[in-house]
1. Of the chain, which part is the longest with no GluC sites (Glu not before Pro) in a loop (DSSP not H, G, I, E, B) and with at most 14 other C-beta atoms within 10 angstrom?
2. To the nearest 0.05, how large is the calculated FRET efficiency for ALA265 and ARG138 if R₀ is 25 Å and r is the Cβ-Cβ distance?
3. Mind telling me which of CYS253, CYS30, CYS135 comes out most flexible in a GNM of the chain, alpha-carbon contacts under 10 Å?
4. How much FRET efficiency would the formula 1/(1 + (r/R0)^6) give for ASN145 and ALA242, where r is the Cβ-Cβ distance and R0 is 56 Å, rounded to 0.05?
5. Between ALA281, ALA21, ALA104, find the one with the highest GNM mean-square fluctuation for the chain; connect C-alpha pairs within less than 10 Å.
6. Tell me the trypsin sites (Lys or Arg not before Pro) within region 311-358 that lie in a loop according to DSSP and have at most 16 other beta-carbon atoms within 10 Å.
7. Rank THR363, THR250, ALA174 by how far each Cα sits towards the positive end of the charge dipole of the chain (+1 on Lys, Arg Cβ; -1 on Asp, Glu Cβ) and give me just the farthest.
8. Using unit Cβ charges (K, R positive; D, E negative) and no other charged atoms, how large, in debye to the nearest 20, is the dipole of region 101-163 about its Cα centre?
Amino acid sequence: MNGLPEIIRREMEARGSITFARFMELSLYCPQLGYYEQITNTPGRRGDFFTSVSVGPLFGELLAAQFAQWLGQWGTRSVERGASDPAPEHFQLLEAGAHNGRLAADILDWFKARQPRLFEKLEYWILEPSLRRQCWQRKTLNAFNGQVRWFDSWEMLPPGGVRGIIFSNELLDAMPVHRIGWDAHHKTWFEWGVSAEGGHFVWQKLLRTAERSQPAATPELLVQRSALRVPSVPELPAELMAVLPDGFTTEICPAAVDWWQAAAAALKDGWLLTLDYGLTAEQFLRPERAQGTLRAYSRHQQNSDLLASPGEQDLTAHVNLTELQKAGESAGLKTEGMLVQGEFLTRIAQTTWRDKAGLIEWTPARTRQFQTLTHPEHLGRLFKLLIQRR
């Protein structure tokens, strides 16, 4: 047991009920005590969850092969544009949320061994607000000292921004979400908050501040209560409003939308992509998701109590890929694809098989990794990609 529950209780004493977004933020990212601040929570067999990175180096190698193919397009793109747009002297790969640095190491190892000319032009940037996680990453990436730079916020990037690729892997699905429910009687959404009762944390509807007799918060109150910009709650057609069951629950994540907009602004030329648990906007409202997509994990077991043991279990919710797509397109990006991980990685692998250029060493171990990464019953269908380009 760490001291995080007491920190949360003290905040509730000062502010009353808090949004679940705030509870999730403290649970995962509270300095020193949050779940992702603990080195023992490294993904893998001994951790609480599997990631594509923990399967083995093939995931990073396939990403690197795709990145190399994209970066090699600069000369071709200038011809297509009919303008003088020579390849820059240096490319940037910006990874956000690099955890312990293992994916970065796999990508850099591949470039150094398979594409040494591109490797010489490559600058690997890591966007990481946590000093503790930066220390883990520096240790993992010690062999690439001088080629990797760290930034703790978008504002700290050089004025020229990124010419290359900005990407994240299982980052946005761990950003704090607001949990909202449907009030069928009033035909409106309310927000679920969290309060303390005895020695436990419990769910509580956030009440109107002016009209205590009304049990449900309005979308306007969601905006007032949040320190973040809350995107609009789902707009429902009349026929769906008539049948959506009372208490239907889902999530909205302003933090992910804000992050995507900041990434789009930082990208001056190149690609922006994320790999996450994700759904389209319509998929969030299907009957099988009447309780939303929020999940808690500990020791590879799903826990139904999202409020239990803050700081000691992982919390994750699916990303609204439709919202991200709209945010990127409003910032001038072009959507190149929204697809499942299995399809994306298989396309890359097919290129390596066809070209036979030795881009990937297909050992028996890597073949097994490929099956785990792409098979629909393993990781191939769990994770979705959104790819946009400027």
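1. Numbers: sites that count: GLU89, GLU211, GLU235, GLU361, GLU377.
My reading of the result: 236-360 is the longest stretch.
2. On the way: r = 27 Å, r/R0 = 1.08.
Plugging the Cβ-Cβ distance into 1/(1 + (r/R0)^6) gives 0.40.
3. Result: CYS135 has the largest fluctuation of those listed.
4. Working: r = 62 Å, r/R0 = 1.10.
About 0.35, to the nearest 0.05.
5. Of ALA281, ALA21, ALA104, the most mobile in the Gaussian network model is ALA281.
6. On the way: sites: LYS326, LYS334, ARG347, ARG354, LYS356; in loops: LYS356.
Listed in order of number, the matching sites are LYS356.
7. THR363
8. Numbers: 11 positive and 7 negative charges, 41 e Å.
Dipole magnitude for region 101-163 comes out near 200 debye.
FYI, it's all coordinate maths here, none of it is from the lab. Just so we're clear, the structure is a prediction, and the values are computed from it rather than from any experiment. Glycine gets a Cβ as well: all are built from the backbone with ideal geometry, and neighbour counts include every protein chain shown.
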